[in-house]
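Following: one structure in structure tokens, then a few remarks.
The values are calculated or read from the model by the stated rules, or taken from the named source; none is laboratory data. Since this is a predicted model, take the numbers as computed values, not measurements. Please note: Cβ atoms are built from the backbone with ideal geometry, for glycine as well, and neighbour counts cover all protein chains shown. Accessible surface is based on the protein model in full, side chains and every heavy atom, while ligands, DNA and RNA are left aside. Shrake-Rupley method; radii C 1.70, N 1.55, O 1.52, S 1.80 Å.
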Amino acid sequence: MTLLSAPPQTSGTTDPGPAPLAPAARLLPALAAVYRAQLARAKVARIPLLFVATFQSLGILVMMRGVVDPGETAAARSVVAGSSVLVVAFVALNLLAQYFGRLRATGGLDHYATLPVPAASVVLGAAAAYASFTLPGAVVTAAAGAVMFGLPLGQLWVLLAVVPLAGAALSGLGAACGLLAPRQEIATMLGQLGMSAALLLGVLPVDHLPQPVLWLRDLLPSTYGVEAFARTFAADPDWAEVAGDLAVCAGVGVVSLAVATWAYRRATTR
């Protein structure tokens with residue numbers, strides 16, 4: 001008895017092949033999704049984060065109050081403006097460098113690399129989520145410093161522009177440090193060094209710094225946010241100079257976030 005195998009069916013059926021991949025998400029919707037996800041994860045640490053960043057800056061104000069007399073108007077403006085922006089530096093530069101350094105060390109970047117989202121949306125979403133927590137602390141620090149040093153309170157609304165722009169510049173720098181550092185410990189060290197630079201070069205009065213240190217100060221992204229905010233404490237602020245400082249801060253922010261995006265692509269493809 002012979003077994004006859006059925007002939008293969010060739011009635012017009014062909015192998016469809018692999019299904020095409022879904023198109024990548026657009027930048028703005030992906031950015032909004034990453035921002036909401038990061039914001040939800042950071043809510044648990046929001047109160048301690050705000051407390052530490054604000055308490056640190058208030059402590060700097062109290063310390064500098066014993067060094068700078070309220071009659072030294074220019075020095076007082078630098079101290080208050082620098083302490084306010086220091087809240088942003090603590091979160092956007094220091095903590096973001098540690099965050100991306102930890103993601104790279106633990107393989108957490110692999111999760112984002114599998115998502116069909118642009119690299120810029122991951123960097124911008126994380127940076128925006130971290131910087132969102134800094135505005136209340138910056139306002140509290142600025143108000144307390146203005147009262148402490150006898151400065152006017154009428155222009156605190158400028159922080160609505162200073163905090164996002166300085167936060168963008170410092171967030172890009174912090175993310176780049178975390179993504180480019182070969183080890184997590186080095187990323188943490190770079191974040192701490194960056195925050196220390198923002199503290200020393202942003203809070204100390206300009207008149208008390210030697211010229212070589214002033215050149216380094218001009219290279220720090222947050223300097224222009226500090227200068228813009230400090231100018232608003234004048235009786236008749238020069239709004240053209242304020243806008244110029246903010247424009248420089250915005251330009252530095254675009255460059256630093258672009259570098260961070262390149263660093264993210266580099267870290268996820270190695």
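Summary of computed values
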{"quantity": "Subset of segment 260-270 (residues that are in a helix (DSSP H, G or I), open to solvent by 60 Å² or more (accessible area, probe 1.4 Å) and of a type outside the set (F, W, Y))", "calculated": "R265, R266, T269"}
{"quantity": "Search result, residues across segment 227-245 that are hydrophobic (A, V, I, L, M, F, W, C) and open to solvent by 30 Å² or more (accessible area, probe 1.4 Å)", "calculated": "A235, W239, A240, A243"}
{"quantity": "Qualifying residues in segment 16-42 (those that are basic (K, R) and within 17 Å of the chain's Cα centre (by Cα)) - the one modelled with the highest pLDDT", "calculated": "R36"}
{"quantity": "Some residue of segment 203-214 being within 17 Å of the chain's Cα centre (by Cα) and assigned to a helix (DSSP H, G or I)", "calculated": "no"}
{"quantity": "Matching residues, segment 215-226, being open to solvent by less than 40 Å² (accessible area, probe 1.4 Å) and either of a type in the set (F, W, Y) or part of a loop (DSSP other than H, G, I, E, B) (or both)", "calculated": "L220, P221"}
{"quantity": "Residue in segment 157-184 that is surrounded by the fewest Cβ atoms within 10 Å (Cβ to Cβ), counting only those that are in contact (Cβ under 8 Å) with a residue 12 or more places away in the chain and over 18 Å from A131 (Cβ atoms)", "calculated": "R183"}
{"quantity": "Identity of the residue in segment 108-155, β-branched (V, I, T), surrounded by fewer than 21 Cβ atoms within 10 Å (Cβ to Cβ) and part of a helix (DSSP H, G or I), that ends up farthest from the chain's Cα centre (by Cα)", "calculated": "V147"}
{"quantity": "Qualifying residue in segment 77-98 (condition: in a helix (DSSP H, G or I), over 30 Å from T268 (Cα atoms) and open to solvent by 30 Å² or more (accessible area, probe 1.4 Å))", "calculated": "yes"}
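Results for (1) among the β-branched types (V, I, T); (2) within 15 Å of A168 (Cβ to Cβ); (3) out of contact with any Cys (no Cβ under 7 Å at 6 or more places or on another chain), shown as yes or no for each residue.
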site: A187; (1), (2), (3): no, no, no
site: M195; (1), (2), (3): no, no, yes
site: L216; (1), (2), (3): no, no, yes
site: S222; (1), (2), (3): no, yes, yes
site: V248; (1), (2), (3): yes, yes, yes
site: S256; (1), (2), (3): no, yes, yes
site: T261; (1), (2), (3): yes, yes, yes
site: T269; (1), (2), (3): yes, no, yes
